[in-house]
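Undergrad: First, the structure itself, so that you have it in front of you.
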Amino acid sequence: APPPVYQEVIPVRPFADALWIAGFWGWMGGRYVWNGGHWDRHRHGYQWEPHRWVPHGNGHWRQEGGRWRNH
């Protein structure tokens with residue numbers, strides 16, 4: 001399983017329609033690596049689907065999300 005979510009300090013919002021995209025644990029070089037969060041411009045008509053890890057059988061995990069989804 002991936003490590004617990006790292007508690008980031010969220011910096012001040014840089015502009016009015018900024019949306020905080022939380023950091024996530026990625027997989028690189030055979031280990032989990034923290035990818036820090038960042039501010040992004042909100043995309044009207046879309047919703048951010050955050051990164052998440054879901055169990056995928058036999059102790060394996062699969063990363064999903066991390067994209068803007070038309071809603």
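Undergrad: Out of GLY65, PRO4, ALA16, whose Cα points farthest toward the positive end of the dipole of the chain (charges: +1 Lys, Arg; -1 Asp, Glu; placed on Cβ)?
TA: GLY65
Undergrad: Where in the chain is the longest stretch that carries no chymotrypsin sites (Phe, Trp or Tyr not before Pro) classed as loop by DSSP and with at most 13 other Cβ atoms within 10 Å?
TA: Answer from the scan: 16-71.
Undergrad: Out of the total accessible area of the chain (probe 1.4 Å, heavy atoms of protein only), what percent is carbon and sulfur? Could you put the intermediate results ahead of the total?
TA: Numbers: 2990 of 5410 Å².
Exposed carbon and sulfur together represent 55 percent of the surface.
Undergrad: Follow-up. Which loop-located trypsin sites (Lys or Arg not before Pro) does the range 12-55 contain, where loop means any DSSP state but H, G, I, E or B and the Cβ has at most 14 other Cβ atoms within 10 Å?
TA: Answer by residue number: ARG43.
Undergrad: Excluding ligands, DNA and RNA, what is the solvent-accessible area per residue of the chain at a probe of 1.4 Å, expressed in Å²?
TA: Normalised by residue count, the accessible surface of the chain is 76 Å².
Undergrad: Magnitude of the Cβ-charge dipole of the range 31-71, K/R +1 and D/E -1, about the Cα centre, nearest 20 debye? List each step's numbers first, then the result.
TA: Values: 7 positive and 3 negative charges, 12 e Å.
Value, rounded to 20: 60 debye.
Undergrad: Sticking with this structure for a sec: Using only alpha carbon positions, build the gyration tensor of the chain, then give the equivalent ellipsoid semi-axes as the square roots of 5 times its eigenvalues, largest first, whole angstrom.
TA: Details: eigenvalues 132, 52, 13 Å².
That gives 26, 16, 8 Å for the three semi-axes.
Undergrad: Sticking with this one: Give, rounded to the nearest 20 debye, the magnitude of the charge dipole that the chain has about its Cα centre when Lys and Arg contribute +1 at Cβ and Asp and Glu contribute -1 at Cβ.
TA: 120
Undergrad: For the chain, calculate the relative contact order in percent as a whole number, restricting contacts to Cα pairs under 8 Å that are 6 or more residues apart. Can you show the working numbers first?
TA: Details: 107 pairs, mean separation 18.9, N = 71.
Relative contact order here is 27 percent.
The values are calculated or read from the model by the stated rules, or taken from the named source; none is laboratory data. Just so we're clear, the structure is a prediction, and the values are computed from it rather than from any experiment. A quick note on method: Cβ atoms are made from the backbone with ideal geometry, for glycine too, and the neighbour counts reach across all protein chains shown. Just so you know, the surface numbers come from the protein's heavy atoms only, side chains and all, with ligands and any DNA or RNA stripped out. Shrake-Rupley method; radii C 1.70, N 1.55, O 1.52, S 1.80 Å.
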